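Structure record follows, encoded as structure tokens.
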Amino acid sequence: MAEREGAVIGVECLALTEVRVGGVSCRAGYSFNTSVQPGLQRQGLGPALLEAAERWALAQGAGYLTGLIKTSNVPSMKMVTALGWQTAARFDYLVLDLARFDGMAEPRAVQFDLYRDPHLMRLRLAAVQSNHFAPLFLEREPFSPAPEGAYAGSWTAISRRGTAWLSVWDDRAARGLDPIAFRAVKAFDLMLERPEALGAFASLVGVLRARGVRRLLVPLPAESTACAMLRPFEADLVGFNFVVKRLGDSLPGPPGPLYFDIRH
């Protein structure tokens, strides 16, 4: 926090947690909500706040700092880059208009409750754990129903030449949103496989449509095949840079998928 004459003029929030990087547990800080009072920007307060957070995190044994910055936020990207942060990945947060899939395939999908299939649960948890910078305390939460989480089931659709799988995160009630008025839910753990996966996904979407869902919010790596496949059906898109700074003698993050917190 930055103060001037007893008044708060800047804030930096940093959440310290245990994560996995390359399969090894370590401590990392997640930086968010860095803000400076309007009229006082471009005076070095933002960098000073981040540097103070870095010193504190290093003293707590953190090996990395991470953050999500909108790709449209050019000033913030310039600031963190000048401080030695690197862009490790880009995510596109797609808002899919499910009506655009109408007529592509017959509605057909099978719902799974992972709590009744321990083997499948282990497979999906292993997929989450393979993501670098996944907080250890969150590894199970994506698949936890209310009140601990907002997991609302997993669906798969299979055709002769395509397979689609996704899990649904429905936190509307927790956020105080009326499910009748707000007909959008989040999707994660998405897999599209084989040449005609889009048709299988359209079948799955038809089932969600029948359940009253109108829009699906899906964060995907921007360069992924799944993102390219679904981008034509977007109603909106928000791009995020996943930025990382190594602290001390921490090793560079290994190649591989990075964790995007579905709770965002």
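Please enumerate the residues belonging to segment 114-124 that are modelled with pLDDT of 85 or more and either surrounded by 12 or more Cβ atoms within 10 Å (Cβ to Cβ) or more than 18 Å from L192 (Cα to Cα) (or both).
Filtering segment 114-124 down to residues modelled with pLDDT of 85 or more leaves 114, 117-124.
Passing the criteria: L114, D117, P118, H119, L120, M121, R122, R124.
Quick one: which of F101, F32 is of a type outside the set (D, E, K, R) and touching a Cys at 6+ places or on another chain (Cβ under 6 Å)? Walk me through it before giving the result.
Details: F101 fails: touching a Cys at 6+ places or on another chain (Cβ under 6 Å).
Within the list F101, F32, the selection yields F32.
Do we have A235 as within 30 Å of G84 (Cα to Cα) and either small (G, A, S) or not assigned by TED's automatic domain parsing to the domain that holds T81 (or both) here? Steps first, answer last, please.
Values: within 30 Å of G84 (Cα to Cα): no; either small (G, A, S) or not assigned by TED's automatic domain parsing to the domain that holds T81 (or both): yes.
No.
Regarding G84, is this residue outside any strand (DSSP E or B) and under 26 Å from L65 (Cα atoms)?
Working: outside any strand (DSSP E or B): yes; under 26 Å from L65 (Cα atoms): yes.
Answer is yes for this residue.
Of all residues in segment 91-140, which are β-branched (V, I, T) and under 30 Å from R246 (Cα atoms)?
Within segment 91-140, the first condition is being β-branched (V, I, T), and the residues that meet it are 95, 110, 128.
Across segment 91-140, the qualifying residue is only V128.
Could you tell me how many of the residues in segment 207-254 are surrounded by fewer than 15 Cβ atoms within 10 Å (Cβ to Cβ) and in contact with a His (Cβ under 9 Å, 6 or more places away or on another chain)?
Counting residues in segment 207-254 that are surrounded by fewer than 15 Cβ atoms within 10 Å (Cβ to Cβ) and in contact with a His (Cβ under 9 Å, 6 or more places away or on another chain) gives 1.
Search segment 156-177 for residues that are under 13 Å from L216 (Cα atoms) and pair each with any residue that is among the acidic types (D, E) when their beta-carbon atoms are under 9 Å apart and the residues are at least 6 apart or on different chains.
These pairs meet every condition: L166/D189; S167/D189; R172/D178.
Any idea which residue in segment 3-36 is surrounded by the fewest Cβ atoms within 10 Å (Cβ to Cβ), counting only those that are β-branched (V, I, T) and modelled with pLDDT of 80 or more?
Within segment 3-36, the subset β-branched (V, I, T) is 8-9, 11, 17, 19, 21, 24, 34, 36.
If we keep only those that are modelled with pLDDT of 80 or more too, we end up with 17, 19, 21, 24, 34.
Values: T17: 14, V19: 25, V21: 23, V24: 11, T34: 21.
Across segment 3-36, the extreme among qualifying residues is V24.
Out of everything in segment 171-217 that is touching a Leu at 6+ places or on another chain (Cβ under 9 Å), among the β-branched types (V, I, T) and not in a loop (DSSP other than H, G, I, E, B), what residue ends up being nearest to R231 (Cα to Cα)?
That would be V205.
The values are calculated or read from the model by the stated rules, or taken from the named source; none is laboratory data. No experiment lies behind these values; they were computed from the predicted model shown. Cβ coordinates were reconstructed from backbone atoms using ideal geometry, including for glycine residues, and neighbour counts include every protein chain displayed.
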